[in-house]
């Protein structure tokens, strides 16, 4: 090309496309099948929780007071329970969300980890006596699951009137069994 002449790009002058084809987005059904692939047994109900919300919350507070992380782990929904009992009927699995179960579970676990560390630290700083709890009367029913929350624990810290504490996230009820869906909280 000589000096002073302009160059008009032709389609063949364009660089090759660098847009990749992403094939990792699967329909929810396939994502759920993959998420379940390494789970040996499908649970028929929740296990390791409690038979009432009151019992679950009391056990939770006791485990916090004793820094019993094993007991706290038993009260939280397992990966198998999440995969077979919660996620398939959850709003996260349906439009407009249709979030992959592995992503939803991972995010829940991350928030639960942060929440339980905050709750344990809070009880380490100021031991408290359990005075009761209350949950919002607005529950969410997702087929066989009833989701309770937000909930507040009332505790006597010995420094004045009882205080309201947000120590955990949603409680899941299924066929007379109760567990925590998440330990996420707003501490």
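Read-outs throughout are calculated quantities, based only on the coordinates presented, and are distinct from any laboratory measurement. Please read all numbers here as calculations on a predicted model, not as lab measurements. Every residue, glycine as well, gets a Cβ built from its backbone with ideal geometry; the counts of neighbours run over all protein chains shown.
Yes or no: residue 169 without any contact (Cβ under 8 Å) to a residue 60 or more places away in the chain and crowded, with 20+ Cβ neighbours inside 10 Å?
yes
Among 112, 108, which is the only one that is touching a strand residue (DSSP E or B) at 6+ places or on another chain (Cβ under 7 Å), in contact (Cβ under 8 Å) with a residue 24 or more places away in the chain, assigned to a helix (DSSP H, G or I) and surrounded by 19 or more Cβ atoms within 10 Å (Cβ to Cβ)?
Step by step, each of 112, 108 is checked, and only 112 is touching a strand residue (DSSP E or B) at 6+ places or on another chain (Cβ under 7 Å), in contact (Cβ under 8 Å) with a residue 24 or more places away in the chain, assigned to a helix (DSSP H, G or I) and surrounded by 19 or more Cβ atoms within 10 Å (Cβ to Cβ).
Please name all residue pairs, on different chains or six or more residues apart, with Cβ atoms under 7 Å, provided the first residue is in segment 85-99 and is in contact (Cβ under 8 Å) with a residue 60 or more places away in the chain and on the phi > 0 side of the Ramachandran plot and the second residue is outside any loop (DSSP other than H, G, I, E, B) and surrounded by 13 or more Cβ atoms within 10 Å (Cβ to Cβ).
Hits for this filter: 98/28.
So, of the residues in segment 144-166 that are within 14 Å of the chain's Cα centre (by Cα) and either at negative phi or touching a residue at least 40 places away in the same chain (Cβ under 8 Å) (or both), which turns out to be surrounded by the fewest Cβ atoms within 10 Å (Cβ to Cβ)?
150
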